[in-house]
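Chemist: Just passing along the structure, written as structure tokens.
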Amino acid sequence: MDPDRQGVPGGTGPMSSSSPGHDAPAPREPLDLRARAARVDSRWQQDRARRARRRARQEMLRSRLLWRDYAGAVYAMADGGGRPLVLVVDDDDDVRMSFAEILRVAGFETIEAPDGSAALQMLAEFPVMAMVLDVRMPVLDGLTLLAQLDAPPPVVLATGHSYNAQVIDHRQKIFAYVQKPVPPDVLITMVGEAVAAAQR
């Protein structure tokens, strides 16, 4: 056998390693663990966000159903089928408007006052059945307002401060005491019970 023909096409020797169809596989790129970890973390964050949105939707639905049920109860309690009037007194515009909106959705009529002095005028002009009252306000604070009223409507005292001696002094004029922030279901429950007490 001619040694010069070994490795040459048509010869009897072994084929050259560089011949077509026998290329070596390309080397794999090194595994990027940081990139994989980042993808896993991203998927986890997306799942967590979806779960949070689902819980928020469930809570919103629960609140709407609660408000609807209370609205029916409030209409049933009201004389002549009217909507009970609730006075919301708070110097914080956001808090006052939020309370009033929650109560309107629940089936109450609401009027608002930014301080005790304005509340006195409204109590003289409107048939208020219950009052949501803040404690610390300019012009006339909530406890001073209570001191000036001989027979106030049932009062739900809503404050960011603790139950203290001043509050205790007026406890006979306070129907319920709640501390801010007040959950909507608690506010609706307290005001609904206050309205019911006013009609007994």
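The values are calculated or read from the model by the stated rules, or taken from the named source; none is laboratory data. Predicted, not measured: the structure shown is a model, and the values here were computed from it. Cβ coordinates were reconstructed from backbone atoms using ideal geometry, including for glycine residues, and neighbour counts include every protein chain displayed.
Chemist: Right, VAL88: at pLDDT 95 or above and in a strand (DSSP E or B) or not?
Modeler: yes
Chemist: State which residue is modelled with the highest pLDDT when the search covers only the stretch 155-183 and only residues that are of a type in the set (Phe, Trp, Tyr) and assigned to a loop (DSSP other than H, G, I, E, B).
Modeler: Per the stated criteria, the residue is PHE175.
Chemist: Looking only at the stretch 107-130, count how many residues are under 11 Å from VAL89 (Cβ atoms) and either of a type in the set (A, V, I, L, M, F, W, C) or surrounded by fewer than 20 Cβ atoms within 10 Å (Cβ to Cβ) (or both).
Modeler: Total satisfying the criteria: 12.
Chemist: Can you name the condition, by its number, that PRO152 falls short on among (1) surrounded by 17 or more Cβ atoms within 10 Å (Cβ to Cβ); (2) within 26 Å of the chain's Cα centre (by Cα); (3) assigned to a loop (DSSP other than H, G, I, E, B); (4) not hydroxyl-bearing (Ser, Thr, Tyr)?
Modeler: Unmet for PRO152, out of (1) surrounded by 17 or more Cβ atoms within 10 Å (Cβ to Cβ); (2) within 26 Å of the chain's Cα centre (by Cα); (3) assigned to a loop (DSSP other than H, G, I, E, B); (4) not hydroxyl-bearing (Ser, Thr, Tyr): (2).
Chemist: Go through the stretch 85-104 and report how many residues are crowded, with 17+ Cβ neighbours inside 10 Å and without any contact (Cβ under 8 Å) to a residue 40 or more places away in the chain.
Modeler: Of the residues in the stretch 85-104, 3 are crowded, with 17+ Cβ neighbours inside 10 Å and without any contact (Cβ under 8 Å) to a residue 40 or more places away in the chain.
Chemist: Please tell me if LEU133 is in contact with a helix residue (DSSP H, G or I) (Cβ under 7 Å, 6 or more places away or on another chain), over 13 Å from LEU85 (Cα atoms), surrounded by fewer than 19 Cβ atoms within 10 Å (Cβ to Cβ) and touching a residue at least 12 places away in the same chain (Cβ under 8 Å).
Modeler: Here the answer is no, as LEU133 does not meet what is asked.
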